[in-house]
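The values are calculated or read from the model by the stated rules, or taken from the named source; none is laboratory data. Model, not experiment: these values are computed from the prediction. Every residue, glycine among them, receives a Cβ derived from its backbone with ideal geometry; neighbour counts consider all protein chains shown.
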Amino acid sequence: MSSATLPASATGDAHFSASDILTAVPLLPRNAVLAVLHAYRATISHAYGDVCKYYPSCSAYAVGAVQQHGAVKGAALAAARIARCHPWAQGGIDDVRPREGFRHHLTPHGFVVPPRKD
C-alpha cells in the first residue's frame, strides 16, 4: 500500500510505539483487514492496471472505509462501492465520508494507530 497510490486522506505521519500496545488492541481487526487490502493492492490489483471508473479506486476506497469506519462497516461500505461499479456506471470522484469524531492517527502506509498522549 504505497502512499503514492492512496489518497492523501488515507495516509498520515503517525508511528506505532511499544507503549501503545494496550490501547492498540481494539484496532487489531481494522489493521488486519488493512493488511489484507495491502497484500491485494500489492499483488492482484497491479495485474488489472488502472481500470476503475471511480477515484479513488475500489481498493483505495476500501482502505479509507476500513480506516474510518472499522472492519465490519468499512467492508460493507466497500462492498456497496463494488456493487456500484459496473459497465454502465458514470464513475467520477467518490470519496469515503469521514467518520465524525475519528480520533485515531494514520501511519504513512495507512495503518491505524491510537493517538499519542504526549
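At a glance:
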| read-out | value |
| --- | --- |
| Residue satisfying all of: in the stretch 52-89; among the polar types (S, T, N, Q) and not in a loop (DSSP other than H, G, I, E, B); farthest from ARG41 (Cα to Cα) among these | GLN68 |
| Hey, ALA78 under 14 Å from PHE111 (Cα atoms), buried (at least 20 other Cβ atoms within 10 Å of the Cβ) and among the small types (Gly, Ala, Ser) or not | no |
| Residue in the stretch 14-26 that is under 17 Å from the mean Cα position of the chain (by Cα), exposed (fewer than 13 other Cβ atoms within 10 Å of the Cβ) and in a helix (DSSP H, G or I) present | yes |
| Criterion violated by SER59 - all others in (1) surrounded by 12 or more Cβ atoms within 10 Å (Cβ to Cβ); (2) more than 27 Å from PHE16 (Cα to Cα); (3) in contact with a Ser or Thr (Cβ under 9 Å, 6 or more places away or on another chain) satisfied | (2) |
| Contacts under 7 angstrom Cβ, first residue in the stretch 10-32 being over 12 Å from PRO115 (Cα atoms), partner among the aliphatic types (A, V, I, L, M) and part of a helix (DSSP H, G or I), 6 or more apart | ALA10/ALA60; ALA10/VAL63; PRO29/ALA71; ARG30/VAL66; ARG30/ALA71 |
| Residues satisfying the stated conditions in the stretch 95-118, i.e. part of a loop (DSSP other than H, G, I, E, B), under 11 Å from the mean Cα position of the chain (by Cα) and surrounded by 19 or more Cβ atoms within 10 Å (Cβ to Cβ) | VAL96, GLY110, PHE111 |
| Counted residues, the stretch 64-109 - those being at pLDDT 90 or above, touching a Pro at 6+ places or on another chain (Cβ under 8 Å) and within 15 Å of GLY12 (Cα to Cα) | 2 |
